[in-house]
1. Taking the criterion of being among the β-branched types (Val, Ile, Thr), within 11 Å of chain A (Cβ to nearest Cβ) and under 18 Å from the mean Cα position of the chain (by Cα), would at least one residue in the range B:142-152 satisfy it?
2. Out of B:Val12, B:Val22, report the one residue that is touching a His at 6+ places or on another chain (Cβ under 9 Å), buried (at least 20 other Cβ atoms within 10 Å of the Cβ), away from chain A (no Cβ under 14 Å) and not in a loop (DSSP other than H, G, I, E, B).
3. Test A:Val158 against the criterion of being within 13 Å of another protein chain (Cβ to nearest Cβ), surrounded by 15 or more Cβ atoms within 10 Å (Cβ to Cβ) and not in a loop (DSSP other than H, G, I, E, B), and give yes or no.
4. Give the residue, chosen from B:Val206, B:Val187, B:Val191, B:Val158, that is without any contact (Cβ under 8 Å) to a residue 40 or more places away in the chain and surrounded by 16 or more Cβ atoms within 10 Å (Cβ to Cβ).
5. Hey, among B:Thr77, B:Thr65, which residue is farther than 26 Å from A:Lys60 by Cβ and polar (S, T, N, Q)?
6. Scan the range A:63-77 and tell me whether some residue there is within 11 Å of another protein chain (Cβ to nearest Cβ) and either surrounded by fewer than 23 Cβ atoms within 10 Å (Cβ to Cβ) or at positive phi (or both).
7. For the range A:13-32, name all the residues that are of a type outside the set (Gly, Ala, Ser) and crowded, with 24+ Cβ neighbours inside 10 Å.
8. Answer yes or no as to whether A:Met166 is over 20 Å from A:Ala31 (Cβ atoms) and part of a loop (DSSP other than H, G, I, E, B).
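Values quoted throughout were computed directly from the atomic coordinates according to the rules given, and no laboratory measurement underlies them. Since the structure is predicted, the reported quantities are computational estimates derived from the model, not experimental observations. All Cβ positions, glycine included, derive from the backbone under ideal geometry; neighbour counts span all protein chains shown.
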Amino acid sequence: MESKVIDVKTAIDKVKSGDTVLVGGFGGSGAAFTLLHELEKRDLTNLTSVSEDGGYANAKLKNACPGLLDKGIITHIKVSFLGSNATVHSNINKGTLTYELIPQGTLAERLRAAGSGIAGFYTPTGVGTVVEEGKERRTIDGKEYIFEKAFHGDIALVKCFRADTMGNAVFKYSAMNFNPLMAMAAKMVILEAEEIVEPGEIEADQVQLPGVFVDHVVQSMEV
Amino acid sequence: MLDNRNIIAKNVAAMLHDGDFVNLGVGIPTLVGSYIPEGTTVLLHGENGIIGQDKIAGRAFDNDTEWEKAHSKELTTSKEGHKDLCNAGNEYVTLIPGGCCFDSSISFAMARGGHLDATVLGALQVDKHGNLANWAVPGKSVNGMGGAMDLVSGAKKVIVAMEHCSKNGESKIVDECTMPLTAIGCVSVIVTELCVIEFLDGEPTVTAMAPGLTRDELLAKTDTALSFAENIGVMAVE
């Protein structure tokens, strides 16, 4: 079997203007910064990014890529939390960035559903709030739920601690967060790994994201 | 005498039991951890994918490269802290023995699926129906709901830890919430510096009060009708 390892430039060549890009990480922790920094150099526009928050672009955070927003590469974000992220708010105020808020657990589950071939699900989250607007409400066994649809992306940029050349991945602690879910939900998945090893070096029962979900593996440049 | 925020935190901590799985939100709830009695182990859940938070090891991304280098790869464990081990507030943390990490869908399965014993969070308003508003103020820039809507939709007990009145002196306990809702009818208990209000059979019922406070004084500071339990406890304030 051919190795899935490619270089970072070849990987980011696969992103096209207008794509929906799924970005792992939580407040920047566990984000694929080697891939994101390469994306930041590209002459692309109208990308939609889907992530827990905009931490990967927060100029205050180490490694962050504010250019993704400031240069108009990403023009729409779907997140659960904008936070006190000055880069995000300044671009929203300038009108160069639009956003949609999605409850964090609903976002996670919509991605998981997409990757699992499930059309959507009924959840109690958001019943009676603005999140419910335009959605079907249903009473099941006496409890109220709203219908949330699965959510797919064109390309996922995800990060792990260790991957083998077949794309089997292991994450470190809380850096896992949204990464496996983003990988499940995208048509093409690029996995950045701090360490790349040969198949067999990760014991089968230690794999947290099976290589079946991964198309390409890139060496991370992070310390 | 403790200040208001610490009075609230101490009285919330008294509601937690050994072995409880609890999510603590930002603000006053983060103070709760320091009032959990010696010998009681409460397992703290972080929605970013951790259970068993122990100590804060530092603020992530403060460009403390030396610390990060020394706590990277497989040089350290969850007991010592790691550059890839944060809580939901982006602080580096350590975990107690038996702590664990998981992805975001599992994290919210715990919340939504009723596996957490309690979620403790701050609020802008709670109304007499137990509706909660805690994520957006009309006319102000929006930060987003984050995980709050999910965290309150399944926890066995939703504890609101907030000061009784806003900075302008307006009651945060009201007839009907006017701010955007986080969830409807989700609140089990409100703990303020003045009282503890439990929703018993759907009725906001005072079950404890600060020492020396009269019922009239409490009602004068509250913008909705309150019932009083037969036995009113005295809140700890020291």
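1. Yes - at least one qualifying residue is present in the range B:142-152.
2. Matching residue, one of B:Val12, B:Val22: B:Val22.
3. yes
4. B:Val206
5. So the residue among B:Thr77, B:Thr65 that is farther than 26 Å from A:Lys60 by Cβ and polar (S, T, N, Q) is B:Thr77.
6. Checking the range A:63-77: at least one residue is within 11 Å of another protein chain (Cβ to nearest Cβ) and either surrounded by fewer than 23 Cβ atoms within 10 Å (Cβ to Cβ) or at positive phi (or both).
7. If the condition is that a residue be of a type outside the set (Gly, Ala, Ser) and crowded, with 24+ Cβ neighbours inside 10 Å, then A:Val21, A:Leu22, A:Val23, A:Phe26 are the ones that fit.
8. Against the criterion (over 20 Å from A:Ala31 (Cβ atoms) and part of a loop (DSSP other than H, G, I, E, B)), A:Met166 qualifies.
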